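Undergrad: Okay, here's the structure, questions in a sec.
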Amino acid sequence: MGTSFRKVAVAGAGAFGTALALVADRAGASVTLWTIDEAAAARLAASRENIDFLPGPRLPETIDVTSDTSRLGDADCVLLVVPSQATRSLLTGIGATLSDDAVVVACAKGIEQETGALQGEIVRAALPNHRIGALSGPGYAAEIARGLPTAVTVAASEIAVAEQVAATLSSDSFRAYASDDIIGAELGGSLKNVIAIAAGIVEGRRLGESARAALVTRGLAEMSRLGARMGARPETFMGLSGLGDLMLTAMSRQSRNTSFGIALAEGRSVAELTAPGKPLAEGAFTAAIAARLAREHDIDMPITNAVAAVLSGRLSLDEAIAALVSRPLKQEIA
């Protein structure tokens, strides 16, 4: 692994941002946790507990909490930890303050609805002179914050950059594996959220664990097909940012995306579940653009298409399920 960065800034003080600030602190970095909300920063700095998003774990005094954007300029590694649809606007606000030498790591798992851009592509467009990375893989913020064992993928176009970020974050409880397949890592982290919504629907409709296992397996296949067409390596989808993240997100009620699918199956509306203040399920925003990418690249993604159709109101749940189970028989691997 490469040498560690010494000064890490985490932009975004939600649950995952708070957890990553603790990760970097445990690994020995000097950490700044930044939020745009001045009042929230003051509360967090005083109480050392993120009551709103991650109650329980305490922030050590070594983590500096601030809303002062200029403080981001001191960092040599910046972790962007805001919802995927907010990344572009965040960079508009903070981009000019970042050091030209800083590595910028996208940590959100989602595809921009309006443009179809991956998070790394958004960062590259906004900060063309910076080195760019992405963090993906299975990890719940609450478990990471408690110091429970977690492994993730850190990807960058240059493997040396990925290795340096991985070294910066790794400790006895958090292991980061380096990859130079940034497209695969980001697609895996984004597309699995859509499959997890479908898995939640299976659970909510009580279709059984056999059905969920089949759906998750076929979901991984369609994720891999699109990834290969978009330039990712197929083996990436068998790693932490693909299979690993899919297993975590699609097999547990702790997952916001699985819970979203369960709620849909139990009769809750999309409008209700995506209303302001509701838990963020990234798959609800990714489904339509993932289906569009599948059409543009001529890739068969029936599960993704079904979720997108349900969320847009073009199909009912019963119609979507019937369409999936009545698809023509074919070879599993062709």
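The values are calculated or read from the model by the stated rules, or taken from the named source; none is laboratory data. This is a predicted model, so every value here is computed, not measured. Don't worry about glycine lacking a Cβ; one is built from the backbone with ideal geometry, like all the others, and counts go over all protein chains shown. Calculation scope for accessible area: heavy atoms of the full protein, side chains included, ligands and nucleic acids excluded. Shrake-Rupley method; radii C 1.70, N 1.55, O 1.52, S 1.80 Å.
Undergrad: Considering Thr32, Thr3, which residue is over 22 Å from Ala281 (Cα atoms), surrounded by fewer than 18 Cβ atoms within 10 Å (Cβ to Cβ) and touching a helix residue (DSSP H, G or I) at 6+ places or on another chain (Cβ under 8 Å)? It would help to see each step written out before you state the result.
TA: On the way: Thr32 fails: surrounded by fewer than 18 Cβ atoms within 10 Å (Cβ to Cβ).
Only one candidate qualifies: Thr3.
Undergrad: Follow-up. Looking for whichever is over 30 Å from Phe16 (Cα atoms) and in a helix (DSSP H, G or I) here; the options are Ala288, Ala271, Ala284, Ala320. Which one fits? If you could, list the steps in order and put the result at the bottom.
TA: Numbers: Ala288 fails: over 30 Å from Phe16 (Cα atoms); Ala271 fails: over 30 Å from Phe16 (Cα atoms); Ala284 fails: over 30 Å from Phe16 (Cα atoms).
One residue alone meets the criteria, Ala320.
Undergrad: If you check Ile183 against the conditions, is it open to solvent by 10 Å² or more (accessible area, probe 1.4 Å), of a type outside the set (Phe, Trp, Tyr) and within 17 Å of the chain's Cα centre (by Cα)? Let's see the steps before the verdict.
TA: Working: open to solvent by 10 Å² or more (accessible area, probe 1.4 Å): yes; of a type outside the set (Phe, Trp, Tyr): yes; within 17 Å of the chain's Cα centre (by Cα): yes.
Taking the combined requirement at face value, the residue satisfies it.
Undergrad: Would the stretch 317-329 turn up any residue that is farther than 21 Å from Arg212 by Cβ and either among the basic types (Lys, Arg) or out of contact with any Leu (no Cβ under 9 Å at 6 or more places or on another chain) (or both)? Talk me through it step by step, then tell me what you get.
TA: Taking the stretch 317-329 first, the residues farther than 21 Å from Arg212 by Cβ are 328.
Keeping just the survivors that are either among the basic types (Lys, Arg) or out of contact with any Leu (no Cβ under 9 Å at 6 or more places or on another chain) (or both) gives 328.
Within the stretch 317-329, one or more residues are farther than 21 Å from Arg212 by Cβ and either among the basic types (Lys, Arg) or out of contact with any Leu (no Cβ under 9 Å at 6 or more places or on another chain) (or both).
Undergrad: Do any residues in the stretch 248-260 that are over 10 Å from Glu282 (Cβ atoms) have Cβ atoms under 6 Å from those of residues that are among the polar types (S, T, N, Q) and modelled with pLDDT under 95, where the two are at least six apart or on different chains, and which pairs are they?
TA: No pair meets every condition.
Undergrad: May I ask you to list pairs of residues, at least six apart or on different chains, whose Cβ atoms are under 8 Å apart, with the first in the stretch 203-231 being over 17 Å from Gly244 (Cα atoms) and the second being modelled with pLDDT of 95 or more and among the polar types (S, T, N, Q)?
TA: Glu203/Thr258
Undergrad: All but one of (1) among the hydroxyl-bearing types (Ser, Thr, Tyr); (2) surrounded by fewer than 17 Cβ atoms within 10 Å (Cβ to Cβ); (3) assigned to a helix (DSSP H, G or I) hold for Thr18, so report the exception by its number.
TA: Only one criterion in (1) among the hydroxyl-bearing types (Ser, Thr, Tyr); (2) surrounded by fewer than 17 Cβ atoms within 10 Å (Cβ to Cβ); (3) assigned to a helix (DSSP H, G or I) is unmet by Thr18, namely (2).
Undergrad: Just for the stretch 114-146: of the residues that are modelled with pLDDT of 95 or more and among the polar types (S, T, N, Q), which one is surrounded by the most Cβ atoms within 10 Å (Cβ to Cβ)?
TA: Across the stretch 114-146, the extreme among qualifying residues is Ser136.
Undergrad: Now for a different question. When only residues in the stretch 220-249 that are of a type in the set (Ser, Thr, Tyr) and out of contact with any strand residue (DSSP E or B) (no Cβ under 9 Å at 6 or more places or on another chain) count, which is least open to solvent (accessible area, probe 1.4 Å)?
TA: If we filter the stretch 220-249 for residues that are of a type in the set (Ser, Thr, Tyr), which is where we start, we get 224, 236, 241, 249.
Filter once more, so that each one left must be out of contact with any strand residue (DSSP E or B) (no Cβ under 9 Å at 6 or more places or on another chain): 224, 249.
On the way: Ser224: 26, Thr249: 8 Å².
Ranking the candidates gives Thr249 first.
Undergrad: Tell me whether the stretch 250-262 contains one or more residues that are open to solvent by 10 Å² or more (accessible area, probe 1.4 Å), part of a helix (DSSP H, G or I) and either among the hydroxyl-bearing types (Ser, Thr, Tyr) or out of contact with any Gly (no Cβ under 9 Å at 6 or more places or on another chain) (or both).
TA: Checked against the condition, which is being open to solvent by 10 Å² or more (accessible area, probe 1.4 Å), part of a helix (DSSP H, G or I) and either among the hydroxyl-bearing types (Ser, Thr, Tyr) or out of contact with any Gly (no Cβ under 9 Å at 6 or more places or on another chain) (or both), the stretch 250-262 yields at least one hit.
Every residue, every condition in (1) assigned to a loop (DSSP other than H, G, I, E, B); (2) hydrophobic (A, V, I, L, M, F, W, C); (3) at pLDDT below 95, yes or no:
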site	(1), (2), (3)
Leu148	yes, yes, no
Ala155	no, yes, no
Thr168	no, no, no
Ser190	no, no, no
Asn193	no, no, no
Ala198	no, yes, no
Glu203	no, no, no
Arg218	no, no, no
Glu222	no, no, no
